[in-house]
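Only one structure is covered here, and it is reproduced in the block below.
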Amino acid sequence: MTRLEEMHVKRQRVHDFMDANGLGAVVFESQANFAWYTAGGDSHVGIATERGAALLVIQRECEFIVTSNVEAPRIMTEEVAGLGFEFVEVPWHEQDAVMKAVKELLGQGTAASDTGFAGTKAMSAPLAELRFSLTDSEIERYRRVGKDTAESLAAVCRKIRPGMTENAIAGMVAEGLYSRGLTPVVLLIAADERIAKFRHPINTDKEVERCVMVVACARRWGLIISCTRIVHFGKLPGELRRKHDAVVKVDAALNLSTRVGEKIGSVVQAGIQAYGDVGFPEEWKMHHQGGPTGYASREFRALPEETRPAQPNQAFAWNPSIAGTKSEDTILATERGVEFLSLSPDWPMIEVEYNGQIVKRADILVL
């Protein structure tokens, strides 16, 4: 599927959304939706904001990109060349120039957007659902992002040594990802006791003694892979061995329960049941379990009462944790079953059985 063919599928989804909601236009301001609609185009300048440096205005007959004269040349040349967009370029120094241009394009018609830009109706959540079911060409790109992310993390993990600081390791991970064209949008490093103390451990100057956990969400073409790996120096303590064997069983329950058409809340409940089965019934309350992913590190956090079903070719990243360890990869729910996108072939694995199915999950790398 070419980019134009992929965009045709997405254009139809947006037009159907417009028809269902009585809209004359849809405006996309977020980096995620820009990447989705343009089949991998990049509108970001800063990664500390979800908003992009260019907006899409989608009408039934025309599609516009509105941006400043600073951003237009690059986006026109490197991101959307040949895709048929009309550019509305405004001076960077004129106050509210982008907003005025968008309002002029919209006229008196009814429009929705993902951010409420220029007085449009904010419909972020329902618009996000348009991107949940991935096309064949998106899946191919996603596989490449998963492979590169997993290989990069594995290579860095094998270079970690005791005495390195969490900040230094974060720098190594970032370098490895950027060198492959991946942007780390989430990066967490925890050494030793910080793994058990904090579920979201922002890296510090603490030096590694015996154990380190590396967590990354890496993005390319708008698609995000989430992945966690743990490294231990010397023989594993029995308690850590017990906990990791337990958490990968929860991981297996979550991933193998993620079937097309299954309520996402039922998947979470299967994970909660697994926590109890392995002897850690309260641990699920200490950290969210993950959920749908794709163009966001999590499209939403999955809760036990969630009634929305898993869609065909929808991505998920489950991240069960037990104090001191964690298991996380990114998967695709397909009609044929679950496909893992972020496995690295040279990483030690554990075979786990769940409801008669066998799945391999990442073990702790012992150096």
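Quick notes on this structure:
- Single residue of 187, 130 found to be in a helix (DSSP H, G or I), at pLDDT 95 or above and under 23 Å from residue 317 (Cα atoms): 130
- Taking the numbered list (1) assigned by TED's automatic domain parsing to the domain that holds residue 11; (2) more than 26 Å from residue 294 (Cα to Cα); (3) buried (at least 17 other Cβ atoms within 10 Å of the Cβ) in turn, residue 166 passes all entries but (1).
- Selection within the range 333-355 - part of a strand (DSSP E or B) and either surrounded by fewer than 23 Cβ atoms within 10 Å (Cβ to Cβ) or outside the structural domain of residue 281 (by TED's automatic domain parsing) (or both): 334, 337, 338, 339, 340, 349, 350, 351, 352, 353, 354
One line per residue, one yes/no per condition, for (1) farther than 16 Å from residue 7 by Cα; (2) in the same structural domain as residue 331 (by TED's automatic domain parsing):
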site: 52; (1), (2): yes, no
site: 64; (1), (2): no, no
site: 72; (1), (2): yes, no
site: 83; (1), (2): no, no
site: 90; (1), (2): yes, no
site: 100; (1), (2): yes, no
site: 120; (1), (2): yes, no
site: 155; (1), (2): yes, yes
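- Listed by first and then second residue, the pairs with beta-carbon distance under 7 Å, at least 6 apart or on different chains, first residue in the range 341-367 and among the charged types (D, E, K, R), second surrounded by fewer than 14 Cβ atoms within 10 Å (Cβ to Cβ), are 351/358; 360/351; 363/348.
Results for (1) of a type in the set (Ser, Thr, Tyr); (2) touching a Phe, Trp or Tyr at 6+ places or on another chain (Cβ under 9 Å), shown as yes or no for each residue.
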site	(1), (2)
108	no, no
112	no, yes
149	yes, no
160	no, yes
179	yes, no
196	no, no
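- Residues that are in contact with a helix residue (DSSP H, G or I) (Cβ under 7 Å, 6 or more places away or on another chain) and in contact (Cβ under 8 Å) with a residue 40 or more places away in the chain, drawn from the range 275-291: 275, 280, 283
- Answer residue from the range 279-308, given it is among the aliphatic types (A, V, I, L, M) and crowded, with 19+ Cβ neighbours inside 10 Å and is nearest to residue 219 (Cα to Cα) among those: 296
- Counting residues in the range 35-52 that are crowded, with 19+ Cβ neighbours inside 10 Å, farther than 30 Å from residue 186 by Cα, in contact with a helix residue (DSSP H, G or I) (Cβ under 9 Å, 6 or more places away or on another chain) and not aliphatic (A, V, I, L, M) gives zero.
- Leading residue by the ranking (surrounded by the fewest Cβ atoms within 10 Å (Cβ to Cβ)) among those in the range 309-324 that are of a type outside the set (A, V, I, L, M) and in a strand (DSSP E or B): 309
Yes or no, residue by residue, for (1) under 30 Å from residue 52 (Cα atoms); (2) of a type in the set (Gly, Ala, Ser):
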| residue | (1), (2) |
| --- | --- |
| 227 | yes, no |
| 235 | no, no |
| 243 | no, no |
| 246 | no, yes |
| 260 | no, no |
| 292 | yes, no |
| 312 | yes, no |
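- Test: residue in the range 1-8 that is touching a strand residue (DSSP E or B) at 6+ places or on another chain (Cβ under 8 Å), part of a helix (DSSP H, G or I) and touching a residue at least 12 places away in the same chain (Cβ under 8 Å): no
- Among the residues of the range 39-62, none qualifies, meaning not one is at pLDDT 95 or above, in a helix (DSSP H, G or I) and among the charged types (D, E, K, R).
The values are calculated or read from the model by the stated rules, or taken from the named source; none is laboratory data. This structure is a prediction, so every number in the text was calculated from the model and none was measured. Cβ sites come from the backbone with ideal geometry, for glycine too, and all protein chains shown count toward neighbours.
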